[in-house]
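Report on the following structure.
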Amino acid sequence: MSQGFRNWIKKGSTEFPPVAGRYHLYASYTCPWACRCLAVRELMGLQDAISLSIVHPTWQRTRPDDAEDTHCGWVFHEEAKGPVTSSTGHGSIPSTDATVDHLFGKRTLREIYELSNDTLGKYSVPVLFDKERNTIVNNESSEIIEMFAKEFGEVAKDACPVDLFPADKEAEMREVDEKIYHGLNNGVYRVGFAQTQEAFDTAVDKVFGTLDWLEERLERSRYIMGDAMTQTDIRAYVTLVRFDPVYVVYFKCNKKMIREYPNLYGFLRDMYQNPRIRRSTNMRHIRDGYYSSHPKRSEFPIVPPCSTNLELPHDRATREYCEA
């Protein structure tokens, strides 16, 4: 599905050059797609070069004064303003780690889209905004992370020494990414929002088939593509870290938990325990966002605890791996 804004920031571009301080990222800690961008921003040392606003995890009415406009979506609500209720009027969801809109002081992300003359009405995160042209540059996470990794090296500070898009693995990586997207990233949503038993059964089998495939692949190397982290690991991580606390319960992906897969669970802990990845992961926002933002699924925003421990030690860096 097209996200609507697909401009490209590129070295040498006269329209969208990779200049420090020019671009602003709107993101959500709840959303796995947005968290890809947060993770790469951290890994590439772009915190000073690309400013950031974080929406509240709980969707709200974006035009509460218009009875005919029932859209619910991302809003800005800093901690000082206190907790919010869900769009159904229930619950008390903390505002910790959410921010104001640091550019315009808007209440909703929808207003950022409208400022950019959006015509699709999806109002999704992430959003990469150009402060100079006063418009959204791009809102497709896979393209934003590639721009962050490839185009902003000259303005990065203290970048992690990692090549997220290694040229010698590009063809295989694209194939693996496609499988992860259809079988896992988008796959869990096909399970969670299935409207027939047949659709659910087909989708859930695909998700767990993909997990079995990843479990076997991670028997052979520390990371999905080999001995070094790539963007493929980040794509998988953002779904895996939400699996046990959210998708097992909320989306009924309950055939097996990630902590029951030795290699996947070790990989998940390895990724989470990277300080830069950890800073892009907010477990409170993840749980609060899913369990409080979909009125058709949950009128009352009851947020269950999660017993999966990502702090446990792992041996991913030191173990011997099986040959392919």
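The values are calculated or read from the model by the stated rules, or taken from the named source; none is laboratory data. Given the structure is predicted, the values throughout are model-derived calculations rather than measurements. Reconstructed Cβ throughout: ideal geometry from the backbone, glycine too, with neighbour counts over all protein chains shown. Heavy atoms of the whole protein, side chains included, go into the accessibility calculation; ligands, DNA and RNA do not. Shrake-Rupley method; radii C 1.70, N 1.55, O 1.52, S 1.80 Å.
Within the bounds of segment 96-105, is there any residue that is free of Cβ contacts under 8 Å to residues at least 40 places away in the same chain, assigned to a loop (DSSP other than H, G, I, E, B) and not acidic (D, E)?
Quick first cut of segment 96-105, residues free of Cβ contacts under 8 Å to residues at least 40 places away in the same chain only: 104-105.
Retained after the next criterion (residues that are assigned to a loop (DSSP other than H, G, I, E, B)): 104-105.
When the remaining residues are screened for being not acidic (D, E), the result is 104-105.
Yes, segment 96-105 contains a residue that is free of Cβ contacts under 8 Å to residues at least 40 places away in the same chain, assigned to a loop (DSSP other than H, G, I, E, B) and not acidic (D, E).
Scanning for something hydroxyl-bearing (S, T, Y), more than 27 Å from W74 (Cβ to Cβ), touching a helix residue (DSSP H, G or I) at 6+ places or on another chain (Cβ under 9 Å) and surrounded by fewer than 22 Cβ atoms within 10 Å (Cβ to Cβ), does segment 306-318 turn up at least one residue? Checked segment 306-318: at least one residue is hydroxyl-bearing (S, T, Y), more than 27 Å from W74 (Cβ to Cβ), touching a helix residue (DSSP H, G or I) at 6+ places or on another chain (Cβ under 9 Å) and surrounded by fewer than 22 Cβ atoms within 10 Å (Cβ to Cβ). The residues of segment 69-82 include none that are modelled with pLDDT of 95 or more and open to solvent by 60 Å² or more (accessible area, probe 1.4 Å). Before we move on, is D48 farther than 30 Å from D163 by Cβ and assigned to a loop (DSSP other than H, G, I, E, B)? So D48 does not fit the description; no. For segment 208-258, filtering for residues that are in a helix (DSSP H, G or I) and not acidic (D, E) leaves 26.
Residue-wise test of (1) open to solvent by 10 Å² or more (accessible area, probe 1.4 Å); (2) of a type in the set (V, I, T); (3) over 15 Å from the mean Cα position of the chain (by Cα).
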site	(1), (2), (3)
Y29	yes, no, no
W33	yes, no, no
M44	yes, no, yes
Q47	yes, no, yes
H56	no, no, no
W59	yes, no, yes
R63	yes, no, yes
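Here is the figure for segment 1-35: residues that are part of a loop (DSSP other than H, G, I, E, B), aliphatic (A, V, I, L, M) and in contact (Cβ under 8 Å) with a residue 60 or more places away in the chain total 3. Filtering segment 126-179 to residues that are among the aliphatic types (A, V, I, L, M) and over 13 Å from V40 (Cα atoms) leaves V127, L128, I136, V137, V155, A167, A171, M173, V176.
The set of residues in segment 94-123 being of a type outside the set (S, T, Y), open to solvent by less than 50 Å² (accessible area, probe 1.4 Å) and at negative phi consists of P94, A98, V100, D101, L109, R110, I112, D118. Within segment 162-181, the set of residues being open to solvent by less than 80 Å² (accessible area, probe 1.4 Å), in contact with a helix residue (DSSP H, G or I) (Cβ under 8 Å, 6 or more places away or on another chain) and at pLDDT 95 or above comprises L164, F165, P166, M173, V176, D177, I180, Y181.
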